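S.K.: Below: one structure in C-alpha cells.
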Amino acid sequence: MIDQQRPSLLRRLYNWTLAWAEHPRAGLALFAIAVIEASVFPIPPDVLLLLMSISRPDHAFRYAAITTAGSSIGAVIGYGIGMFLFVAVAQPVLEFYHAMDTFNQVQEKFNQWGVWFVVIAGFSPIPFKIVTIAAGAFNLAFLPFVIAAILARAARFYLEAAIMHWGGEPLRNFVEKHFQLLTAVVAVAVIGGFALLWL
C-alpha cells in the first residue's frame, strides 16, 4: 500500500538540506559549491545558501561571506581557464552546456560594457561561469575583473542572507506553509535564467 503521507521528493530534499545546515562541514560544502559553480558547475550555490540561512538565520551573513569567498575564488579559476586552457577545458565545458553561441555574444557585451558587464552578470541569473571564462578568454583586465566579481557576488549573496536573517522564524514558517507555490516560483526563475543563456 502506498503511503499517502510520504512527502514529495522536493520536500524531502528541503528537509535534508535544512538538516545539513546543522552539519559541522556545511560551510565547507557551501564554499566548494560556490567555487566550482563560478567555473564549471551548472547549479548555483544560492539554493544551499538560502536553505542554510533559513535554517540558521543567525548565521546567514556568515554563510554569505563563505559563498562570496568561494564564488570569488571560482571566478579567478574561471578566468584562468578562459585565458590559459580555453581549447583544452573551457570549450568542452561550454559545448557541453550548449553555450558557445552565448559565449560569443558575451564578447559583444564586454566590448560595450567592459568590466561593468561582470557586475551586471554576477548579480543576475546568467550562469556566472560563462562570464568568468569569457573574461579570461577576451583578456579583460584581471584586477578590475576580480574587484567587479567580488562586488557583484557579495551584493547578491548578502542580499539573500539579509532577507533570511531579518525574515527569521516568520519567513521559515511562510516557506513551510507555501512550499509548493514557492517551489514553482523558483522553478520558473531558474528556467528564466537558463532561457536568458540561450536567447
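S.K.: Suppose the filter is open to solvent by 30 Å² or more (accessible area, probe 1.4 Å), among the acidic types (Asp, Glu), modelled with pLDDT of 85 or more and more than 17 Å from residue 127 (Cα to Cα); does residue 3 pass it?
M.R.: Considered against the rule, which asks whether it is open to solvent by 30 Å² or more (accessible area, probe 1.4 Å), among the acidic types (Asp, Glu), modelled with pLDDT of 85 or more and more than 17 Å from residue 127 (Cα to Cα), residue 3 comes out as no.
S.K.: Given the options 77, 163, name the one that is closer than 22 Å to residue 29 by Cβ, more than 16 Å from the chain's Cα centre (by Cα) and surrounded by fewer than 23 Cβ atoms within 10 Å (Cβ to Cβ).
M.R.: Result: 163 is the single residue among 77, 163 that is closer than 22 Å to residue 29 by Cβ, more than 16 Å from the chain's Cα centre (by Cα) and surrounded by fewer than 23 Cβ atoms within 10 Å (Cβ to Cβ).
S.K.: Here's another thing I want to ask about it. Quick one: residue 113 ticks every box in (1) surrounded by 15 or more Cβ atoms within 10 Å (Cβ to Cβ); (2) modelled with pLDDT of 80 or more; (3) under 17 Å from residue 126 (Cβ atoms) bar one, so which box is it?
M.R.: (1)
S.K.: Could you tell me whether the range 64-71 includes any residue that is over 19 Å from residue 31 (Cα atoms) and among the polar types (S, T, N, Q)?
M.R.: No, because not a single residue in the range 64-71 is over 19 Å from residue 31 (Cα atoms) and among the polar types (S, T, N, Q).
S.K.: Output the residues belonging to the range 140-189 that are modelled with pLDDT of 90 or more and among the aromatic types (Phe, Trp, Tyr).
M.R.: 142, 145, 157, 158 - these are the residues of the range 140-189 that are modelled with pLDDT of 90 or more and among the aromatic types (Phe, Trp, Tyr).
S.K.: Sticking with this structure for a sec: Go through the range 51-74 residue by residue and tally those that are of a type in the set (Phe, Trp, Tyr) and either open to solvent by less than 30 Å² (accessible area, probe 1.4 Å) or out of contact with any helix residue (DSSP H, G or I) (no Cβ under 6 Å at 6 or more places or on another chain) (or both).
M.R.: 1
S.K.: Please work out which residue is farthest from residue 160 (Cα to Cα), limiting yourself to the range 22-77 and to residues that are part of a loop (DSSP other than H, G, I, E, B) and β-branched (Val, Ile, Thr).
M.R.: Checked the range 22-77; the qualifying residue farthest from residue 160 (Cα to Cα) is 40.
S.K.: For the list (1) at pLDDT 75 or above; (2) under 15 Å from residue 134 (Cα atoms), I need the number of the one condition that residue 103 fails.
M.R.: Here residue 103 meets the rest and fails (1).
S.K.: Would you confirm whether or not the range 125-137 contains a residue that is open to solvent by 80 Å² or more (accessible area, probe 1.4 Å) and assigned to a helix (DSSP H, G or I)?
M.R.: Checked the range 125-137: no residue is open to solvent by 80 Å² or more (accessible area, probe 1.4 Å) and assigned to a helix (DSSP H, G or I).
S.K.: Can you tell me which of (1) assigned to a helix (DSSP H, G or I); (2) over 18 Å from residue 44 (Cα atoms); (3) hydrophobic (A, V, I, L, M, F, W, C) is the one residue 140 doesn't meet?
M.R.: So the condition that residue 140 fails would be (1).
S.K.: Pull up the range 141-155, narrow it to residues that are open to solvent by 10 Å² or more (accessible area, probe 1.4 Å) and without any contact (Cβ under 8 Å) to a residue 40 or more places away in the chain, then point me to the one that is farthest from residue 104 (Cα to Cα).
M.R.: Top of the filtered list is 155.
The values are calculated or read from the model by the stated rules, or taken from the named source; none is laboratory data. Every value quoted in this text rests on a predicted model; they were computed, and no experiment measured them. Every residue, glycine among them, receives a Cβ derived from its backbone with ideal geometry; neighbour counts consider all protein chains shown. Keep in mind that these areas ignore ligands, DNA and RNA; they rest on the heavy atoms of the full protein, side chains included. Shrake-Rupley method; radii C 1.70, N 1.55, O 1.52, S 1.80 Å.
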